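Heads up, the thing below is written out as structure tokens.
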Amino acid sequence: MQITVYISATLRTFVNRKAKVEVQGNSVRDVLQQLQDEYPDIKKAIFEEENKLRPFVNVYVNDENIVQRDGLDTLLQEGDSVLILPAIAGGAPVESVISDERRKEVSLDDSEIERFNKHLMLRDIGVKGQKRIKAAKVLVIGLGALGAPVVQYLAAAGVGTIGIVDFDEVTLGNLQSQVIHGTRDVHRPKTASAKDAIRAIYPKIKIEEYKVKLEADNITEIIEDYDIVVDCTDNYKARYLINDACVLLGKPEVFGAIYQFEGQVSVFDAKTGPCFRCQFPAPPPAGLVPTCAEGGAISTLPGIIGSTQANEVLKLIIGGGESLNGKMLVFDSWNLHTSILPVHKNPKCPICGRTPSIYQVEDFNYEEFCGLQQNEDEIPVEGIEAEELAARIERKEPLTIIDVREPHERAIHRFPSAIAIPIGQLARRQKELDPDVDTIFICREGKRSILAINTLREAGYKGPMYNLKGGIEAAQNIIFSHEGAWL
Ligand SMILES: [Zn+2]
């Protein structure tokens, strides 16, 4: 009888990228045999020797795992569906991402034997492991606080090819935590500064520089050649984009994130475990959760989190150890509390689940998904320039200014004439606004204030509302220079 076999995204490279295949058979064993006859490459992906299923592969018949039925001998009925899904990793040992052929292509010279001596003496690394590290190609996306330790430790460990992606330039405010850049690098591209740092650590490393903003139309081309991708970014759009491109290309991704005193690390590899979308199916509305740039972070935290990411990268290259695949390490540096939480694969995940809906990143609207795009039926939020606001205050025009920043942010630059109302309290406290005068909303960068205006509109507030364009950042030199009036 005809049975539909659904193929998990990570196994699709073995079946000409098909999401489902129709085969004939009366039992799971028959069906898998038919599948292998048609697509011989899938055999090594799902079976061990002696035709036993590999430990990380689960087979479901109509949503029930066959281990709960008769295993491979489970009988099928007309209309049944079979799903092949790699299980959550955990028990399975980490296999090296570097093939033996690639390892054998490289050799270590005398100076490398001396340089990597402390790796060579470790039984779990040794010459084989060090050659794998030399053969490896790792892409680090984001050269900020997390990217800094990741890049430096990967370079020091001897990773043969390091790709570095960042479109930004170094600022003075970066130096508190981005230890790969120095005072002399301010205003230089971060890629140039990071390249110098890698060269200084180990000149033999091949460095690929990408001074670009990652988008759906360039990411595939950039990450294609790498074995592992390290996500050191600070925004949701980039995180989903990186995740999706990694899932579609079958690349493992090492994820890191920091906020104030807390950090997270995980390994997402949809071939053997969950992906970022499995854990976070949707981002919070734009502006609701402050980014690390808005919320701040203690300077040492990215060192701890980034080094842990680099450590995960090395284990994936060397092969072995316990991986954070299927787990998330959460570290609270202030209270010294560490937890390792399980992360489950979501069978309904739109990219790595059973019936995916995302087949290529170009077709997915990341801007809209992350709430960064104006909805067509939404009334656009009107902005006001800092100069105009300064002039209106100077003229003593009747105005209400609402500061939606967090208390610690207000402590840095206080807006004396502003009423502080956090976004969460706006709807309830709308009586404090006068609908007959203009209300100007301010935040740090001018993004959360847009969310504030939309929140109030939804709550039914009808008065005129304006967003301070670029937020306090843009107004700093204009408004705060009027010292007499403002401070
Ligand atoms: Zn997923």
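The values are calculated or read from the model by the stated rules, or taken from the named source; none is laboratory data. Just so it is clear, the structure is predicted and the values come from calculations on it, not from any experiment. For neighbour counting, all protein chains shown are included, and Cβ atoms are generated from backbone atoms with ideal geometry for every residue, glycine included. Each accessible area value is taken on the protein alone, full model and side chains, heavy atoms only, with ligands, DNA and RNA left out. Shrake-Rupley method; radii C 1.70, N 1.55, O 1.52, S 1.80 Å.
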Checklist entry - What pairs come up if the first residue lies in region 264-283 and is over 18 Å from Ala45 (Cβ atoms) and open to solvent by 10 Å² or more (accessible area, probe 1.4 Å), the second is away from the ligand (no atom under 11 Å from the Cβ) and assigned to a strand (DSSP E or B), and their beta carbons are under 6 Å apart, counting only those six or more places apart or on different chains? => result Gln264/Ala257; Gln264/Met328; Gln264/Val330
Checklist outcome for this item: Taking region 230-253 and keeping only residues that are in contact (Cβ under 8 Å) with a residue 40 or more places away in the chain and not in a helix (DSSP H, G or I), one is left with Val230, Asp231, Cys232, Thr233, Asp234, Asn235, Gly250, Pro252
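Any residue in region 15-36 that is closer than 17 Å to Thr272 by Cβ and surrounded by 15 or more Cβ atoms within 10 Å (Cβ to Cβ)?
Within region 15-36, the subset closer than 17 Å to Thr272 by Cβ is none.
No, region 15-36 contains no residue that is closer than 17 Å to Thr272 by Cβ and surrounded by 15 or more Cβ atoms within 10 Å (Cβ to Cβ).
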Checklist entry - Just one of Ala197, Ala156 is assigned by TED's automatic domain parsing to the domain that holds Gly306, open to solvent by 10 Å² or more (accessible area, probe 1.4 Å) and touching a Phe, Trp or Tyr at 6+ places or on another chain (Cβ under 9 Å); which is it? => result Ala156
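Filter region 159-181 down to the residues that are open to solvent by 30 Å² or more (accessible area, probe 1.4 Å) and under 20 Å from Thr300 (Cβ atoms) and list them by number. Before the answer, list the steps.
First pass over region 159-181, keeping only residues open to solvent by 30 Å² or more (accessible area, probe 1.4 Å): 167-169, 171-173, 175-176, 179.
Passing the criteria: Thr171, Leu172, Gly173, Leu175, Gln176, Val179.
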Next on the checklist: Take residues that are modelled with pLDDT of 85 or more and small (Gly, Ala, Ser) and tell me which of the strands (runs of 3 or more DSSP E) falling wholly in region 1-112 contain 1 or more.
Outcome noted: 81-86
Checklist entry - Looking at region 232-246, is at least one residue assigned by TED's automatic domain parsing to the domain that holds Ser307, within 11 Å of the ligand (Cβ to nearest atom) and touching a Ser or Thr at 6+ places or on another chain (Cβ under 9 Å)? => result no
